[in-house]
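The values are calculated or read from the model by the stated rules, or taken from the named source; none is laboratory data. Fair warning: this is a prediction, and the values are worked out from it, not measured in the lab. Counting neighbours? That spans all protein chains shown, and the Cβs are built from the backbone with ideal geometry, glycine included. When the accessible area is computed, the model is the full protein with side chains, heavy atoms only, and any ligands, DNA or RNA have been set aside. Shrake-Rupley method; radii C 1.70, N 1.55, O 1.52, S 1.80 Å.
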Amino acid sequence: MLRIKCCAENPPLVKPQTVSCDIMTTLTTRNEILNSKRIISSELTKMQKAFYDEEMLQYYKDDNEEHLYWEQFDCIKNDETNYSTFNKIISFNHSNIHTFAKKLTVKLIELFKEINVTNFIIISHLKLDFFGNRENKFKPLKKAYEKLEKIVGDKTFNEAFEINIDSLEDFIEILFWTTRCDPSIAEYVFVFDKDEEFQFHLCKYGNLHLTEYNNEQLTEDILKELGWTIIEGQEHDNFTTDGKIKGRQLKL
C-alpha cells in the first residue's frame, strides 16, 4: 500500500495571483474554488469519501502525523449536490509519444471551440503536491516539472490553477508526463471548465476520461465527427505494445 504525505507540513498560504509568462495562469487556493464552485466541491467531496481509508489513517496515527492525513481530505465534510452526469473515455489515433501532448492540445482546442469554452480550473481530488518524485530523471518528466516550477515560482504547490485556453498546451504537457510517469502525485488531476459543465482527466495511457454535468453537449456523433474514438471496455496504452511505461517510477 502506497503511503503519500503532503510535501510540507505547513505550506505557505497561496493568495490568488496571475503569473506573468508566456501563458495566462492564476494561482488560486483550493478553498476559493471549493467555496465558489458547487459542482467541483461536490465532485471532490465524493472522491475524498471514496478514498478515505481507516487503515491508512491508522498508519499516520501511529507516527503521530494524523494531521497530515486529514490535510489531504480538505473537503470530505462538504455537502454533495445532485446532478446528472454523462461519462465517456475517449482517445484519438496518435501513437507518437513525443508529439502526443501537442497534438492532444490541438484536438482539445478544436473540441472546446465546439462548445464555446475558453477558461478552466485545474485541481486534484486530494490536496496533494503537484510536484512528485523530483529524483526521477526521465527527461520528459524532468522537463515537465521544470516548466511547472517556472509557472508556480516554487518547487511545491498543492492548491489550484485557473487558466485560459492559451495556457492549455503547457498544462497538457505537464499533466500528461506527470500522470504517466509519476505515481506519487494525485491519481486524479481534473480539468474543469469554469462554468462547471464538464471535466476531464488524463490517465497514464493517454486517454481522456470525460464527464459532462446536467447536459450532454459532446455526444458520440460530435466526438466521432471531430476524430475521437469512444473507448468501450478495457483501456490499453496508446504508445507501447507490451504496456510497459518508460520512465514510470514509484518513489518508496
Region 182-252 accessible area per residue, 1.4 Å probe, protein heavy atoms, integer Å², reads 53
What number, rounded to the nearest 500 deg cm²/dmol, is the helix-based mean residue ellipticity at 222 nm of the chain, given -39500 (n - 2.57) per DSSP H run of at least four residues and division by all its residues? -10500 deg cm²/dmol
Provide Rg over Rh for region 34-95; use the alpha carbon set for both Rg and the Kirkwood Rh (inverse mean inverse pair distance). 1.15
Could you check the simple spin-label distance between residue 231 and residue 24, using points 7 Å along Cα→Cβ, in nm with one decimal? 3.2
So how long is each side of the chain along the principal axes, counting just the alpha-carbon atoms, biggest first, in Å? 55, 41, 41
Filtering chymotrypsin sites (Phe, Trp or Tyr not before Pro) in region 54-143 by DSSP loop and by at most 15 other Cβ atoms within 10 Å leaves 83
Under 1.5 on a/c is rounded, so check that first for region 141-252, then, if it is not, pick prolate when a/b is larger than b/c and oblate when it is not; a ≥ b ≥ c are the square roots of the alpha carbon gyration tensor eigenvalues. oblate
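At a 1.4 Å probe radius, carbon and sulfur cover how many percent of the accessible area of region 56-161?
On the way: 2470 of 5420 Å².
Of the solvent-accessible surface of region 56-161, carbon and sulfur hold 46 percent.
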List the lysines whose Cα lies under 17 Å from the Cα of residue 88, skipping any in the same chain that are fewer than 8 positions away. 107, 204, 224
Per residue, accessible area of region 75-170 with a 1.4 Å probe, heavy atoms of protein chains only, in Å², comes to 49
Suppose a student asked you for the relative contact order of the chain, using Cα pairs under 8 Å spaced at least 6 residues apart; what percent would you report? 25
For residue 155, list the lysines whose Cα falls under 20 Å from its own Cα; do not include residues on the same chain fewer than 8 positions away. 5, 15, 127, 137, 139, 142, 143, 147, 251
Longest span of the chain, sites excluded, free of trypsin sites (Lys or Arg not before Pro) in DSSP loop with at most 13 other C-beta atoms within 10 Å? 156-243
